[in-house]
Amino acid sequence: MKVLVAVKRVIDYNVKVRVKPDNTGVDLANVKMAMNPFCEIAVEEAVRLKEKGIANEIVVVSIGPKACQEQIRTALALGADRGIHIEADGDVQSLDAAKLLKAVVEKEEPKLVILGKQSIDSDNNQTGQMLAALTGMGQGTFASEVVVDGEKVNVTREVDGGLMTLSLNLPAIVTTDLRLNEPRYASLPNIMKAKKKPLDTMSPADLGVEIASRLTTLKVEAPAGRSAGVKVADVAELVDKLKNEAKVI
Amino acid sequence: MSILVIAEHDNSSLKQATLSVVAAAKAIGGDIDVLVAGENCGAVAEAAAKAEGVAKVLVADNAAYGHFLGENLGELVAEVGKGYSHILSSAGTTGKDFMPRVAALLDVAQVSDIIRVESEDTFVRPIYAGNAIATVKTSDSIKVVTVRPTGFDPVAAEGGSASVEQVDVVKDAGLSSFVGEQKAESDRPDLASAGIVISGGRGMQNGDNFKMLEQVADVLGAGIGASRAAVDAGFVPNDMQVGQTGKIVAPQLYIAVGISGAIQHLAGMSDSKVIVAINKDEEAPIFQVADYGLVADLFEAVPQLEEELKKVL
Ligand SMILES: Cc1cc2nc3c(=O)[nH]c(=O)nc-3n(C[C@H](O)[C@H](O)[C@H](O)COP(=O)(O)OP(=O)(O)OC[C@H]3O[C@@H](n4cnc5c(N)ncnc54)[C@H](O)[C@@H]3O)c2cc1C
Ligand SMILES: Cc1cc2nc3c(=O)[nH]c(=O)nc-3n(C[C@H](O)[C@H](O)[C@H](O)COP(=O)(O)OP(=O)(O)OC[C@H]3O[C@@H](n4cnc5c(N)ncnc54)[C@H](O)[C@@H]3O)c2cc1C
């Protein structure tokens, strides 16, 4: 079966984010960018399905500026077969991302679409569910285990009270949680090979989707910072402070 | 304006998060109805009818909603909600699952995880793991919003007397079915609403050592949390993870034991009123946000903490 994976280019998770002084957003100039960690897990899961002989082709798609091709190449180096870059500058919001991905799903007809559960920049946690609604597919969100079984897929989900397992009809949408797998690193030979793998570029217009921002960010501020308090000498002093100074016990 | 709040519950009791979502609805202003979708969930509807500020409770009681499947809830809420100006739910894992489906079915954007209401169409939400706070305005006619419960003080659970109406909309998409679940059974206070939380990290070394934290938690009546490293290492189950991708907590007192203080962990607890850190490394970043820091070996400090607390409580 064919697996489609959506990957997003975001700020590297190790980078300390700084809000721009004019409060229009976050400073992304000269900042290290990388594949969203949840998307790396999505790619890894697809590659494992291929290694098990369940998947026979992995197509990876990213929406964004030209630079997204770096993340597509990374996914190709990790084992994806083919890339699609939907070139869009500026702010592509979740609903539009989902509409673009729907158009790709209609063209490619994958059996399984794997996305990250959230991107670590906007922390929205929406795109996969929106894509599932638009395509009329079932969804297994926040997956920590994915087992394909004939025309069904069993997905174990990380939910507030513990774990929950669902059975979904294929084709279906899965969004990854952190414990689904531990992504591998790309080897140098595979990075070289990835440069030769096919990568198509298309525009939202090619896919018949009009980008319409419905959300306007009025301002972005730094959070009210916490400052370091005091160091206590021992446990007795700690308990005394909690009881008599902070009055929280 | 009219606001539809989707109740979070387990078919027998209403989750406190719902009362915080009603508080967010009050901040927007307008008539507030609550939709209770589930199976044999009459007790939840009664509880919702008593919540402060609720005008009407709608109950969709059907096997199709028993396990809160996103496909079925998505269609139900889109159908019931299309006459409202706002649809709100908590940003727990159930709300996160079905609300984006509702938004897509209604062809509107969703504003995720708000912590403040500025006006009927403008909301404040954390981005980048809480390292930036965005004010976002939506131009859609129906506003689909998930609410971070710790951002809003819950309305009173008692005192209201809303009417209760049945809704006969049955949506069974037939796309998914429930196979099973592993619920973490615990008599401890729910992490998300506990007044005191004590969390352990990789420094705990193994799951058995979490018993030390349980003993302290018993003295304090606290909930127990963990860092991702502790969950990944298999010390404790996933539902205990606090952070950007785990639970968001804001208790009166948060005690971090053997946790270094990575930004993804801080994203889940830095709104706590008082933070205590116990760590043997005085350079650990957690001390930069801690009101009270104790540089010590946790294997000595935690048993002492239990003893000292017993003396004063
Ligand atoms: C300050 C600021 C505030 C913003 N506020 C909002 C807001 O409140 N609501 C909103 O909808 N948008 C907002 N945006 C836009 C936001 O940056 C995203 O571009 C957009 O929301 C789409 O992805 P997501 O983060 O919602 O994806 P999520 O739903 O969090 O991501 C889940 C998964 O979807 C897939 N995916 C998402 N985007 C892409 C992509 N471009 N290419 C390939 N796969 C992808 C990935 O697999 C990803 O792991 C804001 C942007 C800024 C700068
Ligand atoms: C996309 C993404 C999402 C993430 N989401 C989350 C999340 O939701 N929640 C989360 O917690 N993390 C999350 N993380 C992981 C995060 O980056 C850190 O790796 C994690 O929080 C580290 O856990 P820790 O502090 O327990 O371990 P460590 O960083 O290893 O720290 C252990 C600490 O214990 C101390 N220690 C050791 N032994 C003792 C002792 N005997 N006495 C006292 N102190 C001792 C050490 O000094 C050290 O400071 C995420 C990461 C990514 C990339």
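Numbers at a glance
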| item | result |
| --- | --- |
| Relative contact order (percent, whole number), chain B, Cα cutoff 8 Å, 6+ residue spacing | 15 |
| Integer Hz, Karplus 6.51/-1.76/1.60 couplings in order for region A:26-32, x for Gly and Pro | 9, 6, 10, 6, 6, 9, 5 |
| Heavy-atom SASA rank of B:Met1, A:Met202 (probe 1.4 Å, accessible area, largest first) | B:Met1, A:Met202 |
| Relative contact order of region B:100-227, defined on C-alpha pairs under 8 angstrom at six or more residues apart (%) | 18 |
| Cα-centred dipole magnitude for chain B, charges only on beta-carbon of K, R (+1) and D, E (-1), debye, nearest 20 | 500 |
| Beta bridges by DSSP in chain B, antiparallel share as percent, to the nearest 5 | 20 |
| Test item: Cα-centred dipole of chain A, Lys/Arg +1 and Asp/Glu -1 on Cβ, debye | 400 |
| Calculated from backbone phi, Karplus (6.51, -1.76, 1.60) coupling profile of region A:71-84 in Hz, x at Gly/Pro | 5, 5, 4, 4, 5, 5, 5, 7, x, 5, 9, 8, x, 10 |
| Packing rank of A:219-228, B:70-79, where each peptide gets the mean count of other beta carbons within 10 Å, highest leading | B:70-79, A:219-228 |
| With all protein chains modelled, accessible area of B:Asp107 [1.4 Å, Å²] | 70 |
| B:Phe287, B:Phe299, B:Phe68, ranked by accessible area, largest first (probe 1.4 Å) | B:Phe299, B:Phe68, B:Phe287 |
| Angle between chain A longest axis and helix A:235-244 axis [Cα atoms, degrees, rounded to 10] | 80 |
| Lys, Arg +1 and Asp, Glu -1 on Cβ, resulting dipole of the protein assembly as shown about Cα centre, debye, nearest 20 | 1420 |
| Under 5 Å, built H, 5+ apart or other chain: amide partners of A:Thr141 | A:Thr175 |
| Surface accessible to a 1.4 Å probe, B:Ser260 within the full protein complex, Å² | 70 |
| All aspartates and glutamates inside 12 Å of A:Lys193 as judged from Cα atoms, apart from same-chain residues fewer than 8 positions distant | A:Asp81 |
| Most to least accessible of A:Met1, B:Met204 (protein chains only, probe 1.4 Å) | A:Met1, B:Met204 |
| Note, ³J(HN,Hα) from phi for region A:220-229, Karplus 6.51, -1.76, 1.60, rounded to Hz, x at Gly and Pro | 10, 10, 6, x, 4, x, 9, 10, 5, x |
| Accessible surface of B:Ser193 - all protein chains present, 1.4 Å probe, nearest 10 Å² | 60 |
| B:Lys247 long-range amide H proximity, modeled H, under 5 Å | B:Gln241, B:Val242 |
| Percent carbon-and-sulfur accessible area, the protein assembly as shown, ignoring ligands, DNA and RNA, probe 1.4 Å | 47 |
| Using alpha-carbon coordinates, inclination of helix B:93-105 to the longest axis of chain B, degrees | 30 |
| Amide hydrogen neighbours beyond the local backbone of A:Val26, cut-off 5 Å, H modeled | A:Lys20 |
| Three-way shape call for the protein assembly as shown based on the alpha-carbon gyration tensor, with the a/c threshold at 1.5 | oblate |
| Surrounding net charge for A:Asp81, when Lys and Arg each add one and Asp and Glu each subtract one, Cβ distance under 10 Å | +3 |
| Alpha-carbon centroids, region A:39-99 and region B:280-313: separation in whole Å | 45 |
| Bridge type composition, chain A - antiparallel percent by DSSP, nearest 5 | 40 |
| Neighbourhood charge, 11 Å Cβ-Cβ cut-off, centred on B:Ala162 and excluding it, Lys, Arg +1 and Asp, Glu -1 | -3 |
| Positive-end extreme of charge dipole, the protein assembly as shown - chosen from B:Gln16, B:Val242, B:Gly66 (charges on Cβ) | B:Val242 |
| Taking chain A and dividing mean pair separation by its residue count, relative contact order in percent (alpha carbons under 8 Å, at least six apart) | 23 |
| Gyration tensor verdict on region B:181-263 (Cα atoms; rounded if a/c is under 1.5, prolate if a/b is larger than b/c, oblate otherwise) | rounded |
| Mean residue ellipticity (222 nm) of the protein assembly as shown, computed from DSSP H runs ≥ 4 via -39,500 (n - 2.57), nearest 500 | -8000 deg cm²/dmol |
| Region B:205-313, accessible area per residue, ligands and nucleic acids excluded (1.4 Å, Å²) | 39 |
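The values are calculated or read from the model by the stated rules, or taken from the named source; none is laboratory data. No experiment lies behind these values; they were computed from the predicted model shown. Ideal geometry is used to build each Cβ from the backbone, glycine not excepted, and the neighbour counts take in all protein chains shown. The protein model used for the area step is the full one, side chains on, heavy atoms only, and it has no ligands, DNA or RNA in it. Shrake-Rupley method; radii C 1.70, N 1.55, O 1.52, S 1.80 Å.
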